[in-house]
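Below is one structure, written out as structure tokens; the observations come after it.
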Amino acid sequence: MNASQLAITLIWVLLYVYSVLGSIDFGAGFWAMVYGKPESEPNRVANLFLSPSWKVTNVFLVLLVVALVGFFPHAAYMLGTILLLPAGLVLILLAIRSTFMVFAYSVSGSFAGTLRIVSGLTGLLIPALLLSVLPISLGGFVSMADGYPQLHFGRLLLSGTEYAHIGFGLATELFLSALFLASYAEESGREGAYLFYRKASLWLGPVTLVTAVITTLTFVPEASWILPNLQRAAPYFSLSVAAFVAGYSALWWKGRGGRTGRPKAAVLLIALQYGLAVFAYGAAHMPYIVYPFLSVEEGFTNTAMFRQLLIGYGICLFLLVPVFIWFWRLFFRDPAYLAKD
Amino acid sequence: MDSVVWSRALFGTSMAFHIIFATLGVGLPLMILLAELLYQKTKDPDYERMAKRWTKAFGILLGVGIPSGTIVGVLISLLFPGFMEIVGQVIALPFQIEIWAFFLEALFMTIYVYAAGRLRPSLRIASLALVAFGALMSAVLITAAQAWMNTPTGFRMVNGQVTDVNPWKAFFNPAFPYSASHVGISAFLTGAFAVVSAGAYMLLKPGGSEKERAYHAKGLRLALATGAIFAVLTAVNGHGVAQALARHNPEKLAAAEALFETRSHAPLTLMGIADPDTQTVRYAIEIPGALSFLATNRFDGVVKGLNEVPREDWPPLYTHTLFNGMVMIGGFLILVPLGVWLYKRYRRKELPRWLLYVCLLSGPLAMLGIEMGWIFSCSGRQPWTIYHVQRTSEAATRTGNVGSLFLLFSALYLFLFVATGVVMYLYFRSHPVSKEWPLPVEREGEVQS
């Protein structure tokens with residue numbers, strides 16, 4: 001593996017981490033909206049999770065963008081140009097989602113209810129829109145004029161593959177968040193919420209798989225280059241499906257205190273499923289960042305910068321890992337926090 | 001307008017909006033930390049209440065500051081892809097490390113807000129100190145990149161290609177120490193005066209018990225004392241920044257001071273309107289020799305004028321007004337705490353309403369000074385995005401639609417600006433400090449910040 005391949009692997013890892021964290025975050029916001037009454041258990045669990053986590057999740061999004069620019073500055077040029085409109089819209093939605101969520105808990109009355117609904121709905125749309133980046137990167141929606149890239153946003157909005165990707169994004173977001181919240185509810189001992197989120201996971205799980213398959217069937221002709229690559233990655237996709245089957249079945253395993261389901265095992269196995277799928281997809285996407293205009297090699301930074309970036313990431317990560325662990329224990333394990341009403 | 005102008009308008013507006021929250025995001029944690037420390041020292045529960053209420057305000061501001069920070073972080077790549085291509089190759093480090101400082105701030109802020117009850121006082125204070133440290137580091141690191149745009153080092157351009165990259169040399173560029181300290185200190189200044197304003201507002205409100213007034217007066221005193229220290233530090237440090245400008249970006253200082261001809265015994269020009277055609281400044285007050293002295297520490301020091309560079313490379317001359325405005329606000333902010341202190345010293349009474357109105361004004365003025373300083377720093381660098389390396393016209397996107405995005409984002413900012421004010425007002429109206437005697441049980445698990 002050469003330096004640029006190492007760098008793109010790192011980007012895919014960050015993308016994977018954010019896609020899971022972001023799905024859970026925005027999905028939890030949606031579930032909190034669906035069960036709007038603060039006294040209902042599912043709402044309580046979603047908010048208990050969201051309060052301490054949304055800021056940190058948001059930082060991961062910035063980390064992904066900044067790392068991409070840092071490791072692939074020449075890609076930044078092209079991606080910045082073609083993603084102006086879709087990314088600009090995501091940013092507006094993100095601003096509305098986060099501010100309204102915070103505002104909703106600082107004011108009272110029906111005004112807060114409205115804020116919560118807007119926040120939940122905008123949050124629902126964000127991961128779906130973020131997935132639009134994938135069809136764009138596969139080709140068919142970008143053209144070059146005088147060496148200057150241009151996105152055909154209208155064509156994208158009229159294409160079936162865009163909506164298949166959005167559908168897959170929505171299904172993933174709702175599935176991952178429901179599954180995680182089931183586990184969080186179990187940890188905090190809220191039986192009603194656990195049953196609700198388990199049930200949601202049960203029907204959403206297969207939906208994600210179906211939408212994923214549909215998405216691969218809708219690729220535009222320009223994106224057909226990736227199909228043989230995807231076939232070559234079939235072993236990894238098979239492992240991924242196996243992880244899904246195992247994770248899904250964990251929802252029926254005999255759990256703590258005679259409960260049906262082992263949600264924590266399910267979360268880990270489904271995370272593994274997505275990890276394998278992202279890895280296989282990322283490998284199939286090689287050597288392009290944006291087909292056919294930009295390859296990983298062309299986008300890559302210089303080696304001096306690459307080395308310093310790796311050192312910087314290593315040191316910062318080393319310093320922050322204990323904080324992340326402490327954070328995890330304070331808000332995801334400590335019964336004193338989880339039992340709060 | 002072409003897409004270059006639209007891009008500048010959109011990014012400038014985004015920065016102008018974000019800078020309000022970013023500055024308070026650096027300044028307020030220090031105030032909260034001071035209140036916590038005073039509480040631990042004096043055991044006066046008023047200070048604990050103060051820390052808590054300021055944290056709530058900070059939480060609401062963070063709710064806007066985090067998304068607005070995300071917006072500028074992403075928008076800069078979208079609007080100035082040509083710039084980011086060079087940035088990524090040369091000055092990526094501060095951006096990358098900044099993210100980790102951001103993590104530090106977000107993690108410890110959450111810990112401080114949602115786990116305060118479960119932490120020992122020492123850990124609570126350590127968490128808060130790390131919030132303040134993370135926020136300050138974020139500002140310092142971003143400023144490293146901004147300073148590099150003014151004094152780009154650590155690489156060579158050969159035929160339009162970046163070579164010989166030295167990331168750390170770029171990081172520690174000549175302007176970095178001056179710009180970073182200026183941004184950090186002035187953010188503490190602004191945070192303190194924002195609290196001064198809030199305290200003055202509460203004291204000006206009719207009604208309120210003796211106890212409430214005593215509480216707000218205590219907060220006002222703490223904020224004024226902090227503000228006084230940072231106002232003086234900002235002035236001292238600002239002098240260093242101006243001297244660095246004379247060394248590294250002479251045309252920027254020349255535009256700031258509306259000096260057309262290179263000369264010794266250069267006068268300091270206060271106010272007035274610079275006219276590029278007659279090369280004079282109308283309605284200005286001139287202090288002979290003062291500019292030479294400020295820039296070089298000698299009255300006969302030579303200061304470069306605008307005519308050293310071709311006319312098309314001149315920064316816009318309105319930077320003269322911005323620079324003056326910033327400096328005058330800085331001076332005013334030294335006078336406010338001084339005035340209050342003198343009044344207390346010689347009249348020994350409660351502050352009169354007019355002086356409270358002056359205090360009320362100081363917070364928004366400090367913020368205006370920050371805005372003027374940033375606009376000065378970035379428009380004073382024009383027509384360059386990277387000084388003498390890349391022009392803004394080469395850096396900006398050529399995509400259409402920037403104009404419509406500008407309108408969308410401007411509407412968003414306007415709305416959020418008003419909404420933040422309304423939410424602050426509603427929250428503190430329904431949670432007056434009088435309701436906090438005795439301290440209520442903390443409610444965790446709500447999205448509060």
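Here are some notes:
- A:Glu173 in contact with a Ser or Thr (Cβ under 8 Å, 6 or more places away or on another chain), buried (at least 23 other Cβ atoms within 10 Å of the Cβ) and either charged (D, E, K, R) or in a loop (DSSP other than H, G, I, E, B) (or both): yes
- Checklist (1) more than 12 Å from every other protein chain (Cβ to nearest Cβ); (2) assigned to a helix (DSSP H, G or I) applied to A:Pro292, failing item: (2)
- Selection from the stretch A:298-330 of residues that are crowded, with 17+ Cβ neighbours inside 10 Å and part of a helix (DSSP H, G or I): A:Gly299, A:Ala304, A:Met305, A:Phe306, A:Gln308, A:Leu309, A:Gly312, A:Tyr313, A:Cys316, A:Phe327, A:Leu330
- Across the stretch A:89-104, the number of residues qualifying as surrounded by fewer than 22 Cβ atoms within 10 Å (Cβ to Cβ) and within 7 Å of chain B (Cβ to nearest Cβ) comes to 1.
- Within the stretch B:54-83, residues that are at negative phi have Cβ atoms under 6 Å from residues that are of a type in the set (Asp, Glu) and assigned to a helix (DSSP H, G or I) in these pairs: B:Gly82/B:Glu394, counting only partners at least 6 apart in sequence or on another chain.
- If you check A:Gly275, A:Gly258 for being out of contact with any strand residue (DSSP E or B) (no Cβ under 9 Å at 6 or more places or on another chain) and on the phi > 0 side of the Ramachandran plot, only one passes: A:Gly258.
- When A:Ala246, A:Ala271 are checked against the criterion of being in contact (Cβ under 8 Å) with a residue 60 or more places away in the chain and surrounded by fewer than 19 Cβ atoms within 10 Å (Cβ to Cβ), a single residue qualifies: A:Ala271.
- The stretch A:54-88 - residue that is surrounded by fewer than 23 Cβ atoms within 10 Å (Cβ to Cβ) and touching an Asp or Glu at 6+ places or on another chain (Cβ under 7 Å) and, of those, farthest from the other protein chains (Cβ to nearest Cβ): A:Thr57
- Each residue in the stretch B:60-79 was checked for being more than 7 Å from every other protein chain (Cβ to nearest Cβ) and among the small types (Gly, Ala, Ser), and 2 of them qualify.
- Listed by first and then second residue, the pairs linking a residue in the stretch A:37-52 that is more than 10 Å from chain B (Cβ to nearest Cβ) and touching a residue at least 12 places away in the same chain (Cβ under 8 Å) to a residue that is assigned to a helix (DSSP H, G or I) and surrounded by fewer than 19 Cβ atoms within 10 Å (Cβ to Cβ), with Cβ atoms under 6 Å apart and 6 or more places separating them unless they lie on different chains, are A:Glu41/A:Gly192.
- Residue within the stretch A:109-125 that is more than 21 Å from B:Phe415 (Cα to Cα) and either under 21 Å from the mean Cα position of the chain (by Cα) or surrounded by 20 or more Cβ atoms within 10 Å (Cβ to Cβ) (or both) present: yes
- Residue in the stretch B:309-317 that is surrounded by 22 or more Cβ atoms within 10 Å (Cβ to Cβ), at pLDDT below 85 and touching a strand residue (DSSP E or B) at 6+ places or on another chain (Cβ under 7 Å) present: no
- Some residue of the stretch B:102-113 being assigned to a helix (DSSP H, G or I), within 18 Å of the chain's Cα centre (by Cα) and within 27 Å of B:Ala9 (Cα to Cα): yes
- Complete set of residues in the stretch B:145-166 that are part of a helix (DSSP H, G or I) and within 13 Å of chain A (Cβ to nearest Cβ): B:Ala145
- Taken over the stretch B:322-357, the residue count meeting the criterion of being at pLDDT 85 or above, more than 18 Å from B:Ala242 (Cβ to Cβ) and aliphatic (A, V, I, L, M) is 7.
The values are calculated or read from the model by the stated rules, or taken from the named source; none is laboratory data. For clarity, every value in this text was computed on a predicted model and none was experimentally measured. Don't worry about glycine lacking a Cβ; one is built from the backbone with ideal geometry, like all the others, and counts go over all protein chains shown.
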